[in-house]
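To start, the structure itself, in structure tokens.
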Amino acid sequence: MKILSPTLATVLLFASPALAQEDPLPSWNDGDTKTAIISFVDSVTAEGSAAYVEADGRIATFDNDGTLWVEQPMYTQLAFAFDRVRAMADEHPEWKTTQPFQAVLEDDMETLGEAGEKGLLEIVAATHSGMSTEDFERTAMDWLATAKHPKFDRPYTDLVYQPMIELIDYLQDNDFKTFIVSGGGIEFMRPWTEEVYNIPPEQVVGSSITTEFKLVDGMPMLMRTDKIDFIDDKAGKPVGINSHIGRRPIAAFGNSDGDLEMLQYTTIGADAPRLGAFVHHTDADREYAYDRKSPFGKLDKGLDAAAENGWLLIDMKEDWKTVFPE
């Protein structure tokens, strides 16, 4: 059962005229979730409404992994990093006997899991650095053009959630400025988000490693180092929003505990309607079912906080007619 905040419950009373018009979210099943989203948008865009927000204040933020595209059985960028380890192994013979690289080369997921976040960051640092930003973008795009998801046997950029694409379009049609705010690498996402989500690179906030300006053979370049600059996850997300966007969102969409602080920052203490929502992965047949115990996209504290704060839980199985684009 979904619990709605008092402000969302109020705007639901005025929902039927909106739903009678052309359906802006055709891949969403009719129900409380869809009604709440449409009613919220109506309330903040109707001039004269007590909840009206000028267009320049209509900021909506979206997590990426698990919110806009598939994140199981592991984050897409992590799959990219593992493939980079395999591709670079001949240049680094020491990796055959050095953890956590050895675990990747031997497909030893148990040992890799034991390496924890520190080990994963070590892999990312080794495989994402030592090249220019242009070379990294080319490498990432080449991988995305050929890599296939192990379960669906489709390119990762095909495995975006059709209902969320419609939601982005709907918000943009109502003069919202939409941003991605993700724990993923900012330079891994920026080359393709405009084509896939219609969100340009300057509206992408993510984790980053440090870059250095250099002249290489007289040509100016930004070179990627192996030092972590910023982690745009958990408490880092409001910090990233403040530094990159400069405005507090009025709507935020996530799917995991890594998005908890972003939803808190967006909704708690606001003196007007704000929308917070988690995509809840409940569909093992069409995608995956996971929440409190998942190693990727864990939704534990967020499940409890959703009930406490009146945030929407978007039930993938019940609320979506389809998951991926045809």
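Anything in the chain that counts as a DSSP H helix reaching 30 Å or more along its axis (C-alpha) with Kyte-Doolittle mean of at least -0.5? List them, would you? Please report the intermediate quantities before stating the final value.
Numbers: long enough: none.
TM-like helix candidates: nothing returned.
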Check: Considering the alpha-carbon set of the chain alone, what are its Rg and its Dmax in angstrom?
Finding: 20.5, 67
Notebook entry, point to check: When only Cα pairs under 8 Å and 6 or more residues apart are kept, what is the percent relative contact order across the chain?
Noted result: 24
Margin query: As I understand it, the dipole of the chain uses +1 on the Cβ of Lys and Arg and -1 on the Cβ of Asp and Glu, about the Cα centre. Which of TRP28, VAL70, ALA306 lies farthest toward its positive end?
Written below: ALA306
Next item on the list: Report, in debye and to the nearest 20, how large the dipole of the chain comes out about its Cα centre when Lys and Arg carry +1 and Asp and Glu carry -1 on their Cβ.
Entry: 500
Check: Using a Gaussian network model of the chain with C-alpha springs under 10 Å, which one of LEU312, LEU222, LEU25 is most mobile by mean-square fluctuation?
Finding: LEU222
Notebook entry, point to check: Most fluctuating residue of ASP107, ASP217, ASP300 in a GNM of the chain with Cα springs under 10 Å: which is it?
Noted result: ASP217
Item checked: Portion, in percent, of the accessible area of the chain that falls on carbon or sulfur, probe 1.4 Å -> 50
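What is the sum of charges, Lys and Arg at +1 and Asp and Glu at -1, for the other residues whose Cβ falls under 9 Å from the Cβ of PHE296? All intermediate terms of the calculation are to be shown ahead of the outcome.
Values: positive: LYS298; negative: ASP65, GLU71.
Net local charge, PHE296 excluded: -1.
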Item checked: the range 202-326 - accessible surface per residue (Å², probe 1.4 Å) -> 48
Check: Which one of PRO295, GLY119, GLY258 is farthest out on the positive end of the charge dipole of the chain, using unit charges on Cβ (Lys, Arg +1; Asp, Glu -1) and the Cα centre as origin?
Finding: GLY258
Checklist line | Nearest-20 debye value, the range 222-286 charge dipole, Cβ charges on Lys, Arg, Asp, Glu | finding: 280
Notebook entry, point to check: For the range 173-255, what relative contact order do you get, as a whole percent, if you take Cα pairs closer than 8 Å and at least 6 residues apart?
Noted result: 26
Notebook entry, point to check: Mind checking the dipole of the range 112-271: about its Cα centre, +1 per Lys or Arg Cβ, -1 per Asp or Glu Cβ, Debye to the nearest 20?
Noted result: 180
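The values are calculated or read from the model by the stated rules, or taken from the named source; none is laboratory data. These numbers come from a predicted model, not from an experiment. No Cβ is skipped: glycine too gets one built from the backbone with ideal geometry, and neighbour counts run over all protein chains shown. What goes into the accessible areas is simple: the full protein's heavy atoms, side chains included, and nothing from ligands, DNA or RNA. Shrake-Rupley method; radii C 1.70, N 1.55, O 1.52, S 1.80 Å.
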